[in-house]
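Since the structure comes first, as structure tokens, the remarks are kept for the end.
The values are calculated or read from the model by the stated rules, or taken from the named source; none is laboratory data. Keep in mind that this is a model prediction, so the values were computed, not measured. Please note: Cβ atoms are built from the backbone with ideal geometry, for glycine as well, and neighbour counts cover all protein chains shown.
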Amino acid sequence: MSVPIVRTVAELRKTVAAWRKTGLTVAVVPTMGALHEGHLSLVRAALDRADRVIVTLFVNPKQFNSAADLAAYPRTEHEDAAKLAPLGAHMLYAPDGAQVYPEGFATTVSVSGVSEGLCSAHRPGHFDGMATVVAKLFLQTGADLAFFGEKDFQQLHVVRRLARDLDLPIDIVAYPTVREADGLAMSSRNLRLSAAERQAAPKLAEILFATAERLTAGESTENVLAEARQAVVQAGYTKVEYLELRAEDDLSPLEAAERPARLLVAAWLGDVRLIDNASVQPRQSATETLAPATAA
Ligand code: PAF
């Protein structure tokens, strides 16, 4: 069995219209290809929730900050299609550049607030490019549901904000980060790590989770984050771009985990930039942990 590959918006719309005529629901899983188990989990989750699942594959030039990074991004369409077929995905939408950005294209979707700081402090324009292509993919597919991994936690917030603000009739579904057996968050960029870098890579998740635990235990955020940054570099990482504690619901900066939070990190291993995040839940206060009083 193979997955049908669709290359044009016209063919995509014709197929989706036929599905809709018979009352079928549609989900989309946007990707840039080089599919790994993280993507495949999103596809499985989408298949559980919708009658038809479209996986999109488009390496979006507008969200890359350097031509070298864009050129180095893995392109493995043949293998990607082979991975999707046994899952039962209904379409691989792999448009060429002109289907997404036709001659004269002049629109940018820009989300403020949640897209500020963290990744965008180091990748100017990245979220504008990402939001622009995601808005297009939502409108081209007309899907009811869209699936995104929590590894790209800031991206997830930007996409949610975008869908809400533009009244796009699509539900954004988040799926937990999928990890390798050694803890490394799955990412298409992992393919670019050398053997030695791949060995060092899982230290990032190890330090992240240990740090999240210390923050949950109420240790000083400033000290714990400073130690964690040092530990990441000692583990072989070249540079820590950011390691920050942010509120889970709106990504506002936090000085302590007084409300549900996320610890987010971006760090370079050689010339590969990796990101990850971990949940930090506030400690229950003494009064909250007391058993409720029973009525006399
Ligand atoms: O997460 C990604 O792979 C990309 O940012 C996305 C959402 C497919 C948009 O190009």
Q | Exclusive hit being crowded, with 18+ Cβ neighbours inside 10 Å and more than 30 Å from residue 14 (Cβ to Cβ), set 161, 198 | A | 161
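Just a yes or no: is a residue in region 41-58 within 17 Å of the chain's Cα centre (by Cα) and more than 16 Å from the ligand (Cβ to nearest atom)?
Step one: filter region 41-58 for residues within 17 Å of the chain's Cα centre (by Cα), giving 41-46, 55-58.
Now restrict to residues that are more than 16 Å from the ligand (Cβ to nearest atom): 44.
So far as region 41-58 goes, yes, one or more of its residues are within 17 Å of the chain's Cα centre (by Cα) and more than 16 Å from the ligand (Cβ to nearest atom).
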(Q) Tally up the residues in region 2-33 that are at negative phi and assigned to a loop (DSSP other than H, G, I, E, B), please. (A) 9
Q | Subset tally (residues that are over 20 Å from residue 158 (Cβ atoms) and in contact (Cβ under 8 Å) with a residue 24 or more places away in the chain) for region 90-122 | A | 9
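If you check 173, 178, 158, which single one turns out to be touching a Gly at 6+ places or on another chain (Cβ under 6 Å) and either among the polar types (S, T, N, Q) or within 16 Å of the ligand (Cβ to nearest atom) (or both)? Steps first, answer last, please.
Values: 173 fails: touching a Gly at 6+ places or on another chain (Cβ under 6 Å); 158 fails: touching a Gly at 6+ places or on another chain (Cβ under 6 Å).
Just one listed residue meets the conditions, 178.
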Q. Within region 132-145, can you find the residues that are within 9 Å of the ligand (Cβ to nearest atom) and not β-branched (Val, Ile, Thr)?
A. 137
**Q.** Filter pass, residue 95 being surrounded by 13 or more Cβ atoms within 10 Å (Cβ to Cβ), outside any strand (DSSP E or B) and at pLDDT below 95
**A.** no
(Q) When you check residue 188 against the structure, is it within 14 Å of the ligand (Cβ to nearest atom), over 22 Å from residue 270 (Cα atoms) and in contact (Cβ under 8 Å) with a residue 12 or more places away in the chain, yes or no? (A) no
Q: Could you list, in sequence order, all residues of region 67-78 that are within 16 Å of the ligand (Cβ to nearest atom) and not hydrophobic (A, V, I, L, M, F, W, C)?
A: 69, 73, 74, 75, 76, 77
